[in-house]
1. When Asn181 is evaluated against the numbered criteria (1) within 24 Å of Leu505 (Cα to Cα); (2) in contact with a Ser or Thr (Cβ under 8 Å, 6 or more places away or on another chain), which criterion, by number, is the only one it fails?
2. Kindly indicate which of Leu167, Leu89 is open to solvent by less than 60 Å² (accessible area, probe 1.4 Å), more than 26 Å from the chain's Cα centre (by Cα) and within 24 Å of Val205 (Cα to Cα).
3. Under 27 Å from Val487 (Cβ atoms), open to solvent by less than 10 Å² (accessible area, probe 1.4 Å), touching an Asp or Glu at 6+ places or on another chain (Cβ under 6 Å) and assigned to a strand (DSSP E or B) - does that describe any residue in the stretch 192-210?
4. Take the residues in the stretch 437-462 that are modelled with pLDDT under 85 and part of a loop (DSSP other than H, G, I, E, B), then tell me which one is nearest to Met423 (Cα to Cα).
5. Of all residues in the stretch 349-378, which are open to solvent by 30 Å² or more (accessible area, probe 1.4 Å), part of a loop (DSSP other than H, G, I, E, B) and of a type in the set (S, T, N, Q)?
6. Give the residue, chosen from Asp476, Asp384, that is open to solvent by 10 Å² or more (accessible area, probe 1.4 Å) and assigned to a loop (DSSP other than H, G, I, E, B).
7. State all residues of the stretch 19-37 that are surrounded by fewer than 21 Cβ atoms within 10 Å (Cβ to Cβ) and more than 15 Å from Ser218 (Cα to Cα); if no residue qualifies, say none.
8. Looking at (1) out of contact with any strand residue (DSSP E or B) (no Cβ under 8 Å at 6 or more places or on another chain); (2) surrounded by 16 or more Cβ atoms within 10 Å (Cβ to Cβ), can you tell me which one Tyr411 breaks?
Amino acid sequence: MEYLRLENVSKSYGEKVLFSDLNFTLNRSDKVALIARNGNGKSTLLRIIAGRESSDGQSGRVIISRSSRIFHLEQDPSFDPEQTIIQALFQVEDERIEAIKSYQKAMTGTDDQVIQSALVRMEDTKAWAMEARMKEVLYKLNLEDTSSNVGSLSGGQMKRLAIAKMLLSEPDLLILDEPTNHLDIEMIEWLEQYLTNPSLTLLMVTHDRYFMERICNSIIELDKGVLFKYQGNYSDYLSKKALREEVTTANIDKTRKLLVRELEWVRRQPKARGTKAKSRVSNYERIKSELSSISYDPLFNIEIDSARLGKKIMEFYDASKAYGDKVVLRNFWYKFKSGEKVGVCGKNGTGKTSLVKLITGEIDLDKGRRVVGETVIFGHYRQDGLAFHDEQTVIDVIREVGEYIPLKNGYKLTAEKLLENFMFDRKQQTVKVSQLSGGEKKRLHLLKVLMANPNFLILDEPTNDLDVLTLNVLEDYLTSFKGCLLVVTHDRFFMDKLVDHLFILTGDGKIEDFNGTYTDWRTSDRRDVRKDPQKEKKVPSVATFEKSAARRLSYHEKREMQSIEDRLAQIRKNRDTLERLFEGSQDLQSDEIERMSRELAELIKEADDLEMRWLLLSEIEEAR
């Protein structure tokens, strides 16, 4: 059943064209993630679909099934600040909700007849299940004080309130813009479980790659105003995207070589008027035009150097901090070592932000000592961003730090060139900060922090609002970063990729130092959770190899080994054939590319499994 269809949807702001003539269909039970670079119009497209903005022109249409209940979760939701949490939640028209409102109001009074009438209404409308659901949702999202005014909530609490409203309205078509922002990891995992419900249809913008991996069955990428669709989850997207880029690169190289040959011919010719000469010149102009229309952007690089870090970095001795009865740090002893990368985990409200401020010296300890080495230069990327002046241009923001920036190779880079490396072209550098998207402001904030050449880098929720491409480049830079790194993030993928160990904030002021990644910690924390052995990929361990080496190969195993070698040879031959087809044709249709991509992925997976089995058998053979 078709829930949503886009027909020729376009959007521009002045001279900036975000996208043009987009066409897309969303069917029941589809779970689709929308990926694009910051500033390319992801949030704008979601607002158009939700009816919050209009498409340009007369031909653009958004068609939504009348039978579907739609909910749009905005990136920065807003509510009436005078309302209480319970009033904001129950704006949806539903007889069960009306019954719950009457019941809760009745329970604040002492009139037995009113209470009895409210109880009967709860029974008649079968509202007890919804009330239980409401309590569960509010508990999970840490919004139990429903009498609080919405105006007193933080931005993160407002986002959680919007998610609670979404869950209680029981929609079947969800349009979600960065749903995991401002949620702690346990909340994210709980929401992830909810969204896997087969009855839900989902279109979302998210930077959370584990979210996409575990929920999505399709990913669409908005690239230079064109939509590309990839079947599968995030890992499927990566492999198919890489293949598409290879094909694009091959086509560019082929066109460029053809252009060079034509250019050489044109330059050799006199000002000929013959038909053949005119034809060749015309051919040259056509190829030149074709090549100029192909844009293939390489990844931008972060090459900023970090200042030298001495032996003494930072030490805490019996450190404690409290706000009244709330203890955020209790008897903390720790010495930071050069090059260590620490992730900070804990539920919202356990003191992560306070720990960061204690490390940077923004707040003082109540007890104990904090000793900082003389060479330490902090770089603090804040969750709430920098206070940019809206009238400042992008280049003005960077020039506040300096005109030139030292690089790792000893050279210097101008502020303009560095901005280009961060995907702010010369034209965009003169744009006012107020005109940037949320993700572009975050990227500018990140650049300004890195320009100070810090050797102790603190990143507080760095992945919020950054696109996946920027995150990949940032991760590459941080992997080779020589200084100390402290990351406060709810992005499990980002943390798993970077950190050596974790500070686990338990909520009572204690910090558990766990040696390993976030996934390692969650696995150890859930030893009682049963695992489905059929779903786990079995990889032979060292012990398995050693055990198998104590015996000889049987006759059947020898034949199996030979058949594996034959099959691997055939797979390589088939793979080479597919790759030649990709490289040899510029006329492949999208469905052909998708089919061939699927075949190639299946061949690669089969080869991986066969090579693992062959490796096990060869270990036995070599040990004889």
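1. (2)
2. Leu89
3. Yes, because at least one residue in the stretch 192-210 is under 27 Å from Val487 (Cβ atoms), open to solvent by less than 10 Å² (accessible area, probe 1.4 Å), touching an Asp or Glu at 6+ places or on another chain (Cβ under 6 Å) and assigned to a strand (DSSP E or B).
4. Ser437
5. The one that is open to solvent by 30 Å² or more (accessible area, probe 1.4 Å), part of a loop (DSSP other than H, G, I, E, B) and of a type in the set (S, T, N, Q): Thr375.
6. Asp384
7. If the condition is that a residue be surrounded by fewer than 21 Cβ atoms within 10 Å (Cβ to Cβ) and more than 15 Å from Ser218 (Cα to Cα), then Ser20, Asp21, Asn23 are the ones that fit.
8. Evaluating Tyr411 over (1) out of contact with any strand residue (DSSP E or B) (no Cβ under 8 Å at 6 or more places or on another chain); (2) surrounded by 16 or more Cβ atoms within 10 Å (Cβ to Cβ) leaves (2) as the failure.
The values are calculated or read from the model by the stated rules, or taken from the named source; none is laboratory data. It should be emphasised that the depicted structure is a prediction, and the values quoted were computed from it without experimental measurement. Heads up, the Cβs are rebuilt from the backbone with ideal geometry, glycines too, and the neighbour counts pull from every protein chain shown. What goes into the accessible areas is simple: the full protein's heavy atoms, side chains included, and nothing from ligands, DNA or RNA. Shrake-Rupley method; radii C 1.70, N 1.55, O 1.52, S 1.80 Å.
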